[in-house]
Amino acid sequence: MRWWICALLFFGTTICYLDRQVIGILKPSLMKDLGLDDKQYGDVVFWFQALYAAGYLFAGRLNDILRVRRGYALAVGIWSLAAIGHGLVRSFTGLCVARGVLGISEGGNFPAAIRSVSEWFPRKERALATGIFNAGSNVGVIVSALLVPWITLNFGWRTAFEVTGVFGLIWLVPWLLTYRQPENHPKVSKGELALIQADPADPPERVPWLSVLRHRSTWAFIIATALTSPVWWFYLFWVPDFLFTNFKFDLKNIGLPLILVYLIADVGSVGGGWLSSTLLARGWSLNAARKTGLFTCALCVAPVFLVSSIANPWVATLLIGLAAAGHQGWSANLYTLASDTTPRKAVSSVVGMGGMAGALAGMYMAKFVGGVLQVTHSYVLLFAIAPCAYLLAFGVIQVLVPKITTWER
């Protein structure tokens, strides 16, 4: 049953990224029809990130209080309506409002998903489960690359927002019918429940929200997320424009390179989680297994600094795909690090705090990217920044958490 739960988390994450990626593919159409420039597009992304940061923080605590079933359902319902609302906007201000509502509600996705994994999976399986559901972020982009251009060319960009927004409302039905905590689920066998509960029990009392900030592992997660999440936002919102600007990929042919990038990223997401889980199963210590996974994925990002100097569009696409794979494998292990070091009753709060920090950093990254492009009309500096973020983040983790252990109150 735990793998059916993982499948629901995968599809929820897929829909989350489908709804947020539509705007990246439609950037040229929106700029033309709504009269936007690069700076204004950066502002639209800024407001998504700003509200996403707030949503991440409060959704983390909301899931710890309401439990995942209700908290996640509320988030998906609101963001689906917000996604549909994008099709109704007529101005730059309207687009910022719709994007902000989408951001604050989509902030509920990862705190709920990580909490679900910590409830349904033993520690030795969590990185793999996280890698699988996190792969939905890439599948969402792939689906958008296949679906959005076709809908836009045949029915217009407004319909593209409206159609993709409906998927989340459909997903709510199996989620509400299926999700329960393992000990209360009628389809969980005694053997599976014993496996799920094999790790030492958490303290029975509730963990005060701000008390998690006393622990070095919380700060390691927050800082590492703040350093690396903006790079992923950059790929999501600006790579379609980079391919259009440098290689003239438009709505008719943007699908294939984007699909290639995110198929490779899917391999990285599952592979990064598989790597540390496999090392753990072979007898490696938790510390060595997780950090080997993190460092390996950080190295995969390094070659992306070459992208702006490459003339062949498919070589550039492959390097971006490798970097995206590195990020996704990194994320699978970083999220699992949070569940490794935090009691289940507080893991959503910790993930929410880290997600807020990453979204805030991404918010200013959007401003920075828009400003750089407005002045230089070049992506050279932007792709050069990316590799440094992961190695710096790994160094922070090593300093703050020299040995991975679960903290006690």
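The values are calculated or read from the model by the stated rules, or taken from the named source; none is laboratory data. All values derive from a computational prediction rather than experimental measurement. Quick reminder, even Gly has a Cβ in these numbers, built from the backbone with ideal geometry, and neighbours come from all protein chains shown. SASA here: full protein model, heavy atoms, side chains in, ligands and nucleic acids out. Shrake-Rupley method; radii C 1.70, N 1.55, O 1.52, S 1.80 Å.
One table, with the values for the structure above:
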{"read-out": "Whole-percent carbon and sulfur share, accessible surface of the chain, 1.4 Å", "value": "69 percent"}
{"read-out": "Positive minus negative residues near Ala82 (Lys, Arg vs Asp, Glu; Cβ under 9 Å)", "value": "-1"}
{"read-out": "Accessible area (Å², 1.4 Å probe, nearest 10) - Val188", "value": "20 Å²"}
{"read-out": "Overall Cα dimensions of the stretch 73-140, principal axis frame, Å, largest first", "value": "50, 22, 14"}
{"read-out": "Only Lys, Arg (+1) and Asp, Glu (-1) charged, at Cβ; the stretch 56-207 dipole about Cα centre in debye", "value": "180 debye"}
{"read-out": "Sorted peptide list for 22-35, 324-337, criterion being average Cβ within 10 angstrom, highest first", "value": "324-337, 22-35"}
{"read-out": "Size of charge dipole - the stretch 253-409 - debye, nearest 20, with Cβ of Lys, Arg +1 and Asp, Glu -1, no other charges", "value": "380 debye"}
{"read-out": "GNM flexibility winner over the chain from Cys297, Cys388, Cys16 (Cα, springs under 10 Å)", "value": "Cys388"}
{"read-out": "Candidates per chymotrypsin sites (Phe, Trp or Tyr not before Pro) in the stretch 11-45, loop by DSSP, up to 14 other Cβ within 10 Å", "value": "none"}
{"read-out": "Span-rule helices in the chain, defined as complete DSSP H runs reaching 18 Å or more along the axis (Cα) with Kyte mean at least 1.6", "value": "380-400"}
{"read-out": "For the stretch 266-409: relative contact order, % (alpha-carbon pairs under 8 angstrom, 6 or more apart)", "value": "34 percent"}
{"read-out": "Average Cα contact separation per residue, the stretch 118-257, under 8 Å, 6 or more apart, as relative contact order %", "value": "35 percent"}
{"read-out": "Qualifying trypsin sites (Lys or Arg not before Pro) for the stretch 89-138 [loop in DSSP, other Cβ within 10 Å: at most 13]", "value": "Arg90"}
{"read-out": "Difference of contour (0.36 nm per residue) and Cα-Cα distance, Val380 to Trp314", "value": "22.0 nm"}
{"read-out": "Heavy-atom accessible area ranking, 1.4 Å probe, most first, across Arg67, Arg282", "value": "Arg282, Arg67"}
{"read-out": "Heavy-atom accessible area order for Glu183, Glu162, Glu106, largest first, 1.4 Å probe", "value": "Glu183, Glu162, Glu106"}
{"read-out": "Spacing of the two label points (7 Å from each Cα toward its C-beta) at Thr245 and Leu146, in nm", "value": "3.0 nm"}
{"read-out": "Potential extension, Leu391-Thr159 segment - 0.36 nm per residue separation minus Cα distance", "value": "79.4 nm"}
{"read-out": "Positive dipole terminus of the chain, leading residue within Ile222, Gly136, Tyr179 (C-beta point charges)", "value": "Tyr179"}
{"read-out": "Listed residues Cys300, Cys96 arranged by accessible area, highest first, probe 1.4 Å", "value": "Cys300, Cys96"}
{"read-out": "If the convex hull is drawn through the Cα atoms of the stretch 1-91, its volume per residue in Å³", "value": "101 Å³"}
{"read-out": "Surface per residue (accessible, 1.4 Å probe) for the chain, Å²", "value": "37 Å²"}
